[in-house]
Amino acid sequence: MIEACPNGAPFYSVPRLEERPEDLAEDVACFSLDVRKKILVWRRYLNRLSSQGRRVVLWGAGSKAVAFLTTLKIFREVQYAVDINPFKQGTFIAGTGQQVIGPDFLRSYKPDVVIAMNPLYLKEIRKDLDRTGLSPRLLALDAPRSARKMGLAS
């Protein structure tokens, strides 16, 4: 961060270091470890569901879904990604190939688990699922409660 004053105007504040370089290095190391742990947790969970014959769909077929699936290298464990945008429906997720479907398709597919790519839409997604008469387990990416629901966190 740089703080400056125009044309030699008096300088009233003393810039301070926001965080020590050592603290930043520790945060980066913790982040890296945390990301590896989350990847492992999600892979194990999705592999377990797949081996049990459970049907899993993602809700949201945008960049978060692409990043989630490609980072985990998930191909067969998740068959579909739901998106309410009719222009995305009938397309496929880049890199991993899941078909993008509309919410009404779920009536016939009957998923066991729905993973919301954006936790802000959980209530809206639950309403859409209720409207279709389905009650799959609904998890949210990046939500701490999701890990507990998966039985993978304390």
ask   = Any chance region 62-84 includes a residue that's under 21 Å from Asp130 (Cα atoms), modelled with pLDDT of 95 or more and among the acidic types (Asp, Glu)?
value = yes
message = Which of the strands (runs of 3 or more DSSP E) found entirely inside region 48-144 contain at least 1 residues meeting this: under 22 Å from Val35 (Cα atoms)?
response = 56-59, 113-116, 137-140
query = So which pairs qualify, if the first residue must be in region 122-138 and closer than 14 Å to Ser108 by Cα, the second must be small (Gly, Ala, Ser) and not in a helix (DSSP H, G or I), the Cβ gap must be under 9 Å, and the two must be at least 6 apart or on different chains?
reply = Leu129/Ser135
Cross-chain or 6+ apart pairs with Cβ under 6 Å, region 32-59 first and in contact (Cβ under 8 Å) with a residue 24 or more places away in the chain, then aromatic (Phe, Trp, Tyr) and surrounded by 18 or more Cβ atoms within 10 Å (Cβ to Cβ) = Val57/Tyr80
Qualifying position, being under 14 Å from the mean Cα position of the chain (by Cα) and either farther than 18 Å from Thr96 by Cα or among the hydroxyl-bearing types (Ser, Thr, Tyr) (or both), among Ser51, Ser63 = Ser63
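The values are calculated or read from the model by the stated rules, or taken from the named source; none is laboratory data. Quick caveat, the model's predicted, so the values are computed rather than measured. Neighbour counts are summed over all protein chains in view; Cβ atoms, including those assigned to glycine, are modelled from backbone coordinates with ideal geometry.
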